[in-house]
Each structure stands twice: as structure tokens, then as C-alpha cells.
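Undergrad: Questions regarding the structure given below will be posed in turn.
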Amino acid sequence: MSANKVALITGASRGIGRGIAVALGQQGWTVVVNYRGNAEAAAECVSLVESAGGKAHAVQGDVSVREDRSALLEQVLTTFGRIDLLVNNAGMAPRQRVDILEMTEESFDEVMNVNLKGPYLLTQMAAKNMIELIKDGVMSGGQIINIGSMSAYVSSTSRSEYCVSKAGMAMMTKLYADRLANEGITVYEIRPGIIATDMTSVVTAKYDKLIDEGLTPIRRWGLPEDVGKICVAIAEGYLPYSTGEVINVDGGIHLQRL
Ligand code: NAP
């Protein structure tokens with residue numbers, strides 16, 4: 001149990017972010033529930049975290065907007081005085097699945113800004129604050145978790161910009177892990193496979209069939225709480241001598257099989 005520890009989870013109003021928030025709430029964490037537009041869903045998440053035994057606070061902000069990123073961190077630090085864990089979870093699929101040869105520059109920019117540039121720069125800012133808080137003795141260490149995707153290595157030509165953003169996040173994890181290890185901050189990438197959320201609800205029938213046919217060695221959809229459990233293991237300090245690790249939460253989909 002981690003009373004007093006504070007986590008900022010981006011995009012925590014729904015889906016995987018909510019699953020992570022509730023799992024940390026069960027361990028007594030204080031969770032800052034960031035969201036972009038759905039205040040109702042964020043309020044629901046706050047109630048769920050509180051019912052689970054944690055504390056929670058919703059903060060609106062778009063991770064792709066510089067002023068919002070600054071305001072978000074400012075709120076966390078002025079309200080709670082610390083940030084033990086940053087979870088870069090907020091992300092989006094392209095608004096339309098379009099073949100790579102037809103994909104627009106606007107879609108490329110939007111997806112890259114939300115999925116890669118936003119988390120990259122938010123991490124830079126959060127890490128600097130964590131370093132200061134550690135130096136001042138407020139915290140003994142910090143942790144950063146990036147929610148990547150199997151799309152970092154699986155080609156989907158109808159959402160190529162998403163794949164490129166997640167491949168970038170994989171490198172971002174290594175870079176920050178390397179730079180921050182000696183500062184007392186560890187960095188991880190969780191790489192989900194097919195998780196049942198609003199993001200995948202548009203392709204439910206397709207994935208139901210593929211999973212039925214054995215696409216995932218563990219034959220079921222992944223759930224937000226599957227990702228939440230891994231975050232708890234990291235947050236609670238069960239991976240103390242690991243950094244830059246990729247943890248697949250995908251029912252074994254990454255295994256090469258004959
Ligand atoms: P989701 O159900 O669509 O939920 C997205 C969440 O992110 C919502 O809370 C949304 O807030 C928030 N959000 C979106 N854009 C944002 C922005 N610019 N700034 C701040 N918050 C923003 O998505 P999900 O399936 O839970 O996905 C979460 C993460 O897991 C993403 O990074 C995604 O790429 C990754 N992932 C998902 C799967 C999967 O199968 N679902 C697989 C691999 C990786 P509002 O509620 O306010 O809109």
C-alpha cells in the first residue's frame with residue numbers, strides 16, 4: 001500500500017487509463033485523472049478510484065497542447081506537492097482508417113502530437129520536477145510508464161501514423177530510461193495488444209473472430225485491469241532493478257508461432 005503517493009495518469013477518464021487509475025486506487029494511491037473532453041467519464045473514474053480506497057482528482061487538459069501540459073503539472077504539484085508516477089496513457093487512433101498511400105498530413109500531425117510529441121514533452125517536464133523533488137528529499141524515487149502498443153512492431157497499413165507514433169514511443173522509453181536511471185527514476189513501456197475499450201469498439205466483430213481463431217494464444221480480449229495490474233507491480237516497486245523494459249500485455253500475441 002502506498003499512502004501519500006501521487007500518480008498523474010493522462011487519458012484516465014475511460015478505457016485503459018481508467019483501469020490503471022482504479023488499480024492504483026486499490027493500493028491507496030492518489031490519482032490525478034487527466035482527460036481531454038469527457039468530464040462526465042472523468043468524474044465517474046474519480047468515484048471509482050475513491051470507492052476502491054484511493055484519492056482522486058480530475059484535471060482537464062489536452063496533452064498535445066503546450067499550455068495544457070504545463071497547467072496539468074502545475075496543478076498536480078500545487079495540489080499535492082509531488083509526482084511519484086507519470087503514466088503516459090492518453091492516445092488516439094486516427095479519426096479515419098485510411099490506406100498509407102492516402103493518409104493526410106493533418107492526420108499524421110494530430111496522431112503524432114497526441115501519441116508522441118505530447119508524452120515526450122510532458123515526460124521532459126515531469127522528469128525535471130521529479131529530479132528536484134528527489135533532491136529535496138520529498139520523494140525517494142520516481143517512475144514513468146508509457147503505454148505503447150503492439151503497433152510499434154506490427155504493420156497496419158490503414159493506420160500507419162498510429163504505428164509510427166507508437167514505434168517512436170518505444171525509443172522514447174529507452175532514451176528516458178537511459179537518461180534518468182542515475183537520477184533515481186525508472187521508465188517502462190507497457191505494450192498492450194487488443195484491449196476492450198472505446199478505441200477498439202469499432203472493430204469488435206473483426207477482433208472477436210480473430211481471437212476465436214487463435215490470434216492470441218490466450219484466447220480472450222485483454223481488459224483495462226490487465227494493464228492496471230502491471231502498473232501496480234511497477235508502481236509498488238516490484239521491478240526495482242529494471243528500467244527501459246517493455247512489458248507485453250497482449251495474451252501472447254507477440255510470440256512468433258509455427
Ligand atoms: P480510449 O478508450 O479511446 O480512451 C482514450 C482516453 O484518452 C480517454 O480518457 C480520453 O479522454 C483520453 N485522451 C484522448 N486524447 C487525449 C488528449 N489529447 N489529451 C488528454 N487525454 C486524451 O483509449 P484506450 O483504448 O483506453 O487507449 C489508451 C492508450 O492505450 C492509448 O495510448 C492507446 O494507443 C493505447 N493502446 C490501446 C489498445 C487497445 O486495444 N485499446 C492497444 C494498444 C495500445 P476523454 O474521455 O476526455 O475523451
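Read the figures in this text as sums done on the coordinates, not as results from a lab. These numbers come from a predicted model, not from an experiment. Positions of Cβ are generated from backbone atoms using ideal geometry, with glycine treated the same way; all protein chains shown enter the neighbour counts.
Undergrad: List, largest first, the extents of the alpha carbons of segment 1-110 along their principal axes, each in whole Å.
TA: Taking max minus min along each principal axis of the Cα atoms, segment 1-110 gives 51, 25, 22 Å.
Undergrad: Whole-Hz Karplus ³J(HN,Hα) for segment 190-204, in order, using 6.51 cos²θ - 1.76 cosθ + 1.60 and θ = phi - 60°, x for Gly and Pro?
TA: Each residue of segment 190-204 in turn: 9, 10, x, x, 10, 10, 6, 9, 4, 4, 9, 5, 6, 10, 4 Hz.
Undergrad: Note down the nm distance, to one decimal, between modelled labels 7 Å out along Cα→Cβ at Glu67 and at Arg220.
TA: 4.6 nm
Undergrad: Return the subset of Lys128/Lys166; Lys206/Lys229; Lys5/Lys117; Lys117/Lys166; Lys55/Lys135; Lys5/Lys55 for which the Cα-Cα distance in this structure is over 19 Å, preserving the input order.
TA: Lys128/Lys166; Lys206/Lys229; Lys5/Lys117; Lys55/Lys135
Undergrad: May I pose another question? Based on the Cα atoms of segment 130-196, what semi-axes does the equivalent ellipsoid have, where each is the square root of 5 times one gyration tensor eigenvalue, given in whole Å with the largest first?
TA: Rounded to whole Å, the semi-axes are 31, 11, 8.
Undergrad: Then there's this: Specify the longest stretch of the chain that does not include any exposed loop site, a site being one of the GluC sites (Glu not before Pro) with a non-H, G, I, E, B DSSP assignment and at most 16 other Cβ atoms within 10 Å.
TA: 103-212
Undergrad: Angle check, please: helix 160-180 long axis (alpha carbons) against the longest principal axis of the chain (alpha carbons), in degrees 0 to 90, nearest 10.
TA: Compared with the principal axis, the helix lies near 30 degrees.
Undergrad: What per residue convex hull volume, in Å³, comes out for segment 66-163 when only alpha-carbon positions are used? Don't skip to the end; give the middle numbers.
TA: Values: hull volume 9.2 nm³, N = 98.
About 94 Å³ per residue, rounded to a whole number.
Undergrad: Which three extents, in angstrom, do the Cα atoms of the chain have along their principal axes, listed largest first?
TA: Principal axes ranked by extent give 51, 38, 37 Å for the Cα atoms.
Undergrad: Grab the DSSP H runs of the chain that are 4 residues or longer, score each as -39,500 (n - 2.57), total them, divide by all residues and round the 222 nm result to the nearest 500 deg cm²/dmol.
TA: Calculated mean residue ellipticity at 222 nm is -13500 deg cm²/dmol.
Undergrad: Over all directions, the average projected area of the alpha-carbon convex hull for segment 181-258 comes to how many nm²?
TA: Mean projected area for segment 181-258: 6.4 nm², to one decimal.
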